[in-house]
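**Student:** Take this structure first; my questions come after.
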Amino acid sequence: MALRLGDDAPNFTAETTEGTIDFYDWKGDSWAVLFSHPKDFTPVCTTELGRVAALKPEFDKRNVKVIGLSVDGVSDHEGWAQDIEDVTGARLNFPLIADPDKKVSTLYDMIHPAASETTTVRSVFVIGPDNKIKLTLTYPASTGRNFDELLRVIDSLQLTAKHQVATPADWKQGEDVIIVPAVSDEEAKEKFPEGWDAKKPYLRLVKQPS
Ligand code: BEZ
């Protein structure tokens, strides 16, 4: 069954390029991004893994651990890591799960048989410190993901987990946010004493809380 927002992210034990991990132990109380790749030694995946490796300091800054998955074995992953570095200049600096028996792929519903019986789609799960699923994305094998967008979404998830705000279309860190409709004007006066700009009674823009 598909995992939905708010569900517990299932725990698992798996072989990775950094040894055997218990997912919950590895993750601890950080945020995590678990993302799948259809197969080793494939072109789009090579560019994606290099990009995530280059962005690792940005994930670290947000207290987000990243972990990839591909259905091949650890020895293939290790050979592929060299190619990734050759092509992108970035060394794999996060664990890549080896899932030849498709245990984790099945647990997270990453195999969509109508797309491919044998390889995963490009799934992304953002998992919160409480081990609950905060965001899912599914891309087909032919379309590489935009990891700047993933960082943008994580900024929104972390902000909106902390404050009673939502983020508008195309929002970026530092831009105005929306006071959620569940907060009355009376409550908003306490939470946002500097005031807000009401475009409509239900659309109240306010400076991003720090
Ligand atoms: C790729 O990563 O380039 C890829 C993988 C499977 C199908 C198509 C492209």
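The values are calculated or read from the model by the stated rules, or taken from the named source; none is laboratory data. Only a predicted model underlies this, so the values are computations on that prediction, with no experimental measurement involved. Cβ sites come from the backbone with ideal geometry, for glycine too, and all protein chains shown count toward neighbours. To get the accessible areas, we keep the full protein, side chains included, count just its heavy atoms, and leave off ligands, DNA and RNA. Shrake-Rupley method; radii C 1.70, N 1.55, O 1.52, S 1.80 Å.
**Student:** Can you find even one residue in the range 60-72 that is open to solvent by less than 20 Å² (accessible area, probe 1.4 Å), modelled with pLDDT of 95 or more and part of a helix (DSSP H, G or I)?
**Tutor:** no
**Student:** Just wondering, is there one or more residues in the range 65-72 that are farther than 20 Å from Asp7 by Cβ, among the small types (Gly, Ala, Ser), within 16 Å of the ligand (Cβ to nearest atom) and free of Cβ contacts under 8 Å to residues at least 40 places away in the same chain?
**Tutor:** Within the range 65-72, one or more residues are farther than 20 Å from Asp7 by Cβ, among the small types (Gly, Ala, Ser), within 16 Å of the ligand (Cβ to nearest atom) and free of Cβ contacts under 8 Å to residues at least 40 places away in the same chain.
**Student:** Does Thr17 qualify as being away from the ligand (no atom under 16 Å from the Cβ) and β-branched (Val, Ile, Thr)?
**Tutor:** yes
**Student:** Identify, please: which residue in the range 1-24 is of a type outside the set (Val, Ile, Thr) and assigned to a strand (DSSP E or B) and is, among those, farthest from Val124 (Cα to Cα)?
**Tutor:** Ranking the candidates gives Gly19 first.
**Student:** Is it true that Ala53 is within 16 Å of the ligand (Cβ to nearest atom), assigned to a helix (DSSP H, G or I) and not charged (D, E, K, R)?
**Tutor:** Judged against the criteria, Ala53 is a match.
**Student:** Hey, does the range 10-23 have a residue that's within 29 Å of Leu159 (Cβ to Cβ), open to solvent by 70 Å² or more (accessible area, probe 1.4 Å) and polar (S, T, N, Q)?
**Tutor:** Scanning the range 10-23 turns up no residue that is within 29 Å of Leu159 (Cβ to Cβ), open to solvent by 70 Å² or more (accessible area, probe 1.4 Å) and polar (S, T, N, Q).
**Student:** Return the residue satisfying two criteria in turn: it lies in the range 91-120 and is crowded, with 20+ Cβ neighbours inside 10 Å and under 15 Å from the mean Cα position of the chain (by Cα), and of such residues it is farthest from Glu48 (Cα to Cα).
**Tutor:** Filtering the range 91-120 for residues that are crowded, with 20+ Cβ neighbours inside 10 Å and under 15 Å from the mean Cα position of the chain (by Cα), the one farthest from Glu48 (Cα to Cα) comes out as Tyr108.
**Student:** Now for a separate question. Being touching a residue at least 12 places away in the same chain (Cβ under 8 Å) and on the phi > 0 side of the Ramachandran plot is the filter here; which residues of the range 162-176 pass it?
**Tutor:** Answer for the range 162-176, where residues must be touching a residue at least 12 places away in the same chain (Cβ under 8 Å) and on the phi > 0 side of the Ramachandran plot: just Gly174.
**Student:** Could we say that Lys134 is under 26 Å from Lys27 (Cβ atoms) and among the basic types (Lys, Arg) here?
**Tutor:** yes
**Student:** Would the range 25-35 turn up any residue that is within 16 Å of the ligand (Cβ to nearest atom) and either part of a loop (DSSP other than H, G, I, E, B) or touching a strand residue (DSSP E or B) at 6+ places or on another chain (Cβ under 6 Å) (or both)?
**Tutor:** Yes, the range 25-35 contains a residue that is within 16 Å of the ligand (Cβ to nearest atom) and either part of a loop (DSSP other than H, G, I, E, B) or touching a strand residue (DSSP E or B) at 6+ places or on another chain (Cβ under 6 Å) (or both).
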